[in-house]
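Everything on this sheet refers to the single structure shown next.
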Amino acid sequence: SDLVNLMKYDKNFYQIKSNSEIFERLKAERKGVGYYDLPYQDTMHIKDYAKTINKKHIVVVGIGGSSLGARAIYEFLLPSNSYDKDLLFLETVDPLEIKHSLRSTNLDDTQFVIISKSGNTIETISLFKYLNFLVTIDNSNCTIISEAKSKLTKFANDNNIKTFDLAENIGGRFSVFSVVGMVPLAMVGVDIDNLLNGCKRVSDSFFKQTEYYKPIIRKARFLVENKGRFNINAIFSYSSSLESFNKWYVQLWAESLGKININDTRQALTPIALIGPVDQHSFLQLIIDGVRDKTVTFIKIDNLKDDTIVPRSVNSKFNDLDFEYIEGLSFNELLNKQADATIKSVEEQKDIPCDVVTISTVDEYNIAKLMFSYQLMVSVIGQFLQINTYDQPGVEHGKTILKESLKNKS
């Protein structure tokens with residue numbers, strides 16, 4: 001007993017919790033983290049407002065979480081829809097890109113949607129000031145989306161500009177299904193209720209522990225248990241329409257999961273986003289023959305709503321070019337056969353963890369299901385890692401340095 005009195009033993013090992021404990025923590029998190037409620041919102045006020053916008057161009061001025069989500073949805077839907085309005089995203093202060101983007105936009109026939117959660121994002125406010133120099137921006141052509149207490153919202157109120165408030169408990173990269181994404185998407189003619197139906201499908205199923213629960217929680221656990229070995233997570237999306245979704249995934253993953261956890265340990269799940277078949281001709285080599293430090297998730301779309309085929313030859317013009325067996329095949333089938341061949345080549349390696357997500361078709365419901373399940377998975381991983389999934393302290397320091405350097409530029 002003397003020995004026990006002399007020795008003091010504290011333990012602070014990072015323990016991977018059980019699935020049931022993580023699930024309870026997630027249910028508790030639901031009470032304070034705002035994005036969980038978004039599938040169940042009433043959209044009437046957004047749709048009514050969107051109907052009043054009759055400008056030809058919608059220009060979203062925002063960066064990061066303020067634009068990536070809406071852009072992912074719009075660019076997924078755009079190739080197979082014909083919208084009456086154009087949606088343009090201004091995200092950069094690169095002057096060449098700004099001028100190039102605006103070249104084909106009639107600014108007199110444009111609705112400007114200024115989005116900044118904090119209301120003081122330097123890129124967004126700089127662009128706002130520049131656009132106002134080109135054309136007067138006022139309550140006839142502007143909508144502002146920001147937190148209720150921000151300087152941007154105050155500016156809107158002072159200038160009688162329509163505002164939509166973004167709740168403080170919804171982070172930028174989790175805001176796609178809030179007014180941040182819903183307002184501009186509704187303006188251009190996207191069916192926002194069908195988006196929310198997709199979210200609801202995943203959310204209801206996950207929290208009732210039916211079919212979405214196990215795949216999400218099991219994959220999250222696998223990634224956390226094997227993070228030392230497989231710390232790079234590649235998604236391989238087989239459709240160019242998923243390119244902006246890929247960028248959204250990179251932000252969601254990197255900014256949520258690149259954190260210091262409760263034991264002061266740096267976490268390092270690193271997202272890589274690839275497009276097939278293009279990246280079969282580049283990054284695939286590294287996946288197949290390189291170091292085994294990557295997991296791969298393939299994303300396929302069964303029906304791209306397009307039946308363009310490789311035409312059959314009517315003469316001998318292409319006889320020497322081989323590939324006669326692809327004639328008559330639709331490009332949609334060709335794309336998915338390429339995906340299947342790549343998947344098989346990765347599976348045959350036997351030591352590359354991979355999975356396949358198949359979207360049935362191109363519509364609001366399916367992209368929302370995909371995006372909401374990724375948000376849930378990131379929340380689950382964050383709980384397993386015991387980090388704050390929803391802040392981004394690593395980004396703030398650079399903003400402070402920039403502000404100081406700009407203020408001192410005499």
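The values are calculated or read from the model by the stated rules, or taken from the named source; none is laboratory data. Predicted model only: the values in this text are computed from it and were never measured. Here Cβ is always computed from backbone atoms with ideal geometry, including for glycine, and neighbour counts include all displayed protein chains. Each accessible area value is taken on the protein alone, full model and side chains, heavy atoms only, with ligands, DNA and RNA left out. Shrake-Rupley method; radii C 1.70, N 1.55, O 1.52, S 1.80 Å.
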If you count, for each residue, the other Cβ atoms within 10 Å and average over each peptide, how do 318-329, 151-162 line up from highest to lowest? 151-162, 318-329
How do R218, R201 stack up against each other in accessible area, from largest to smallest, with a 1.4 angstrom probe? R218, R201
Got a number for the accessible area of Y212? Probe 1.4 Å, square angstrom, nearest 10. 50 Å²
One-quarter of the Cα convex hull surface for the stretch 267-350, in nm²? 7.7 nm²
Which trypsin sites (Lys or Arg not before Pro) in the stretch 52-107 pass both tests, a DSSP loop state and at most 11 other beta-carbon atoms within 10 Å? R103
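Among DSSP bridges having both ends in the chain, what percentage is antiparallel? Round to the nearest 5.
Of the beta bridges lying entirely in the chain, close to 5 percent run antiparallel.
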Charge dipole (debye, nearest 20) of the stretch 58-196; +1 at Cβ of Lys and Arg, -1 at Cβ of Asp and Glu: 320 debye
Contour minus Cα-Cα distance for R103 and K51 (0.36 nm per residue): 16.1 nm
Mind grabbing the accessible area of E168 for me, 1.4 Å probe, Å², rounded to tens? 110 Å²
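Mind pulling up the Rg/Rh value for the stretch 128-239? Radius of gyration and Kirkwood radius, both on Cα. Present the calculation step by step, with values, prior to reporting the outcome.
Numbers: Rg = 19.9 Å, Rh = 17.8 Å.
That ratio is 1.12, to two decimals.
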When the dipole is taken about the Cα centre of the stretch 18-92, and only Lys, Arg (+1) and Asp, Glu (-1) are charged at their Cβ, what size is it in debye, to the nearest 20? 180 debye
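Which whole-number value in Å² is the accessible area per residue of the stretch 175-267, probe 1.4 Å?
Details: 3370 Å² over 93 residues.
I get 36 Å² per residue for this part.
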Given axes a ≥ b ≥ c from the Cα gyration tensor, I'd like to know whether the stretch 7-87 is rounded (a/c under 1.5), prolate (a/b larger than b/c) or oblate. prolate
Of the candidates I275, Y249, F318, the farthest towards the positive dipole end of the stretch 248-329 (Lys/Arg Cβ +1, Asp/Glu Cβ -1, centred on the Cα centre) is Y249
Kirkwood Rh, Cα Rg: Rg to Rh for the chain? 1.02
Value of D in µm² per second that Stokes-Einstein yields for the stretch 212-279, Kirkwood Rh from Cα pairs, at 25 °C (0.890 mPa s): 186 µm²/s
If you add up the charges near N226, with Lys and Arg at +1 and Asp and Glu at -1, over every other residue whose beta carbon is less than 13 angstrom from its beta carbon, what do you get? +4
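Could you rank the peptides 367-375, 126-134 by their average count of other C-beta atoms within 10 Å per residue, with the highest value first?
Details: 367-375: 23.4, 126-134: 15.0.
Put in order of decreasing packing, that is 367-375, 126-134.
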Among G69, S82, I58, which residue has its Cα positioned farthest towards the positive end of the charge dipole of the stretch 23-85, with +1 placed on the Cβ of Lys and Arg, -1 on the Cβ of Asp and Glu, and the dipole taken about the Cα centre? I58
To the nearest 20 debye, what charge dipole does the chain have about its Cα centre, counting +1 at the Cβ of each Lys and Arg and -1 at the Cβ of each Asp and Glu? 1140 debye
Which one, I262, S205, I170, projects farthest toward the positive side of the charge dipole computed for the stretch 169-263 from Cβ point charges (K/R +1, D/E -1)? I262
Whenever you get a sec, compute what percent of the accessible area on the chain sits on carbon and sulfur atoms (1.4 Å probe). 52 percent
Simple spin-label estimate for D322/D204, 7 Å along Cα→Cβ, in nm, reads 5.1 nm
